[in-house]
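These notes concern the structure reproduced below.
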Amino acid sequence: PEYMEQTNTVVIADDSEMIAKALGFMIKKAGYTVLSADNGKSALDFFDGRNIDLLITDLNMPNMSGTELIREIRSKESYRYVPVVLFVAEDDIERKKLIETSGATMLFDKKDITGKILPTIKSILS
């Protein structure tokens, strides 16, 4: 039987449907499995024991912010080391503090999403 290659699973949490769709499309096309949520609370539901290789989350979302989501995930034993890409808008000036306090692996500028996200995902997951 043909061996099915296990694909990496990427969770996208963003309340902007346009961004989530665009990202999801690109990431799927690159061969990854994508799970999308429009807020932190829904995204957290995906962290239920299944294999998740990367979280891409927006900072500002309703119900649960990106930093709260990261904190929740980091508190779960099996997801403590999942890499996290946190999106920030240009006007989030507290970047330096954010990267130190949020638990994110890297911060990403919202305007750079489409151009740089795939190479970033590839380098994180390779």
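Do we have any residue at all in the range 112-126 that's under 23 Å from Met18 (Cα atoms), assigned to a loop (DSSP other than H, G, I, E, B) and open to solvent by less than 20 Å² (accessible area, probe 1.4 Å)? No, every residue in the range 112-126 fails to be under 23 Å from Met18 (Cα atoms), assigned to a loop (DSSP other than H, G, I, E, B) and open to solvent by less than 20 Å² (accessible area, probe 1.4 Å). Scoring Phe46 on the criteria (1) farther than 19 Å from Ser78 by Cα; (2) open to solvent by less than 90 Å² (accessible area, probe 1.4 Å); (3) not in a strand (DSSP E or B) leaves a single failure, condition (1).
Could you please let me know if Ile52 is in a helix (DSSP H, G or I), among the hydrophobic types (A, V, I, L, M, F, W, C) and in contact with a strand residue (DSSP E or B) (Cβ under 8 Å, 6 or more places away or on another chain)? For Ile52, the condition - in a helix (DSSP H, G or I), among the hydrophobic types (A, V, I, L, M, F, W, C) and in contact with a strand residue (DSSP E or B) (Cβ under 8 Å, 6 or more places away or on another chain) - is not met.
Just one of (1) modelled with pLDDT under 90; (2) open to solvent by less than 30 Å² (accessible area, probe 1.4 Å) fails for Asp58. It is (1). Filtering the range 15-24 to residues that are open to solvent by less than 40 Å² (accessible area, probe 1.4 Å) and touching a residue at least 24 places away in the same chain (Cβ under 8 Å) leaves Ser16, Ile19, Leu23. Do we have Gly31 as among the small types (Gly, Ala, Ser) and loosely packed, with under 15 Cβ neighbours inside 10 Å here? The answer is yes for Gly31.
Screening the candidates Thr57, Thr7 for the property of being of a type outside the set (A, V, I, L, M) and part of a strand (DSSP E or B) yields one hit, Thr57. Only one of the numbered conditions (1) among the hydroxyl-bearing types (Ser, Thr, Tyr); (2) over 24 Å from Thr7 (Cβ atoms); (3) open to solvent by 30 Å² or more (accessible area, probe 1.4 Å) is violated by Thr67, and that is (3).
Pick from Ile73, Ile27, Ile99: which is of a type in the set (Val, Ile, Thr), free of Cβ contacts under 8 Å to residues at least 24 places away in the same chain and part of a helix (DSSP H, G or I)?
Numbers: Ile73 fails: free of Cβ contacts under 8 Å to residues at least 24 places away in the same chain; Ile27 fails: free of Cβ contacts under 8 Å to residues at least 24 places away in the same chain.
Ile99 is the lone residue from the list that is of a type in the set (Val, Ile, Thr), free of Cβ contacts under 8 Å to residues at least 24 places away in the same chain and part of a helix (DSSP H, G or I).
Annotation for the range 33-41: no member residue is of a type outside the set (Ser, Thr, Tyr), in contact with a Lys or Arg (Cβ under 8 Å, 6 or more places away or on another chain) and in a loop (DSSP other than H, G, I, E, B). Within the range 79-93, identify whether any single residue is open to solvent by 40 Å² or more (accessible area, probe 1.4 Å) and either touching a residue at least 60 places away in the same chain (Cβ under 8 Å) or part of a helix (DSSP H, G or I) (or both), and answer yes or no. No; the residues of the range 79-93 include none that is open to solvent by 40 Å² or more (accessible area, probe 1.4 Å) and either touching a residue at least 60 places away in the same chain (Cβ under 8 Å) or part of a helix (DSSP H, G or I) (or both).
The values are calculated or read from the model by the stated rules, or taken from the named source; none is laboratory data. The structure displayed is predicted, hence computed values, not measured ones. When we count neighbours, we look across all protein chains shown, and the Cβ atoms used for this are built from the backbone with ideal geometry, even at glycine. The accessibility values were calculated without ligands, DNA or RNA, using every heavy atom of the protein model including side chains. Shrake-Rupley method; radii C 1.70, N 1.55, O 1.52, S 1.80 Å.
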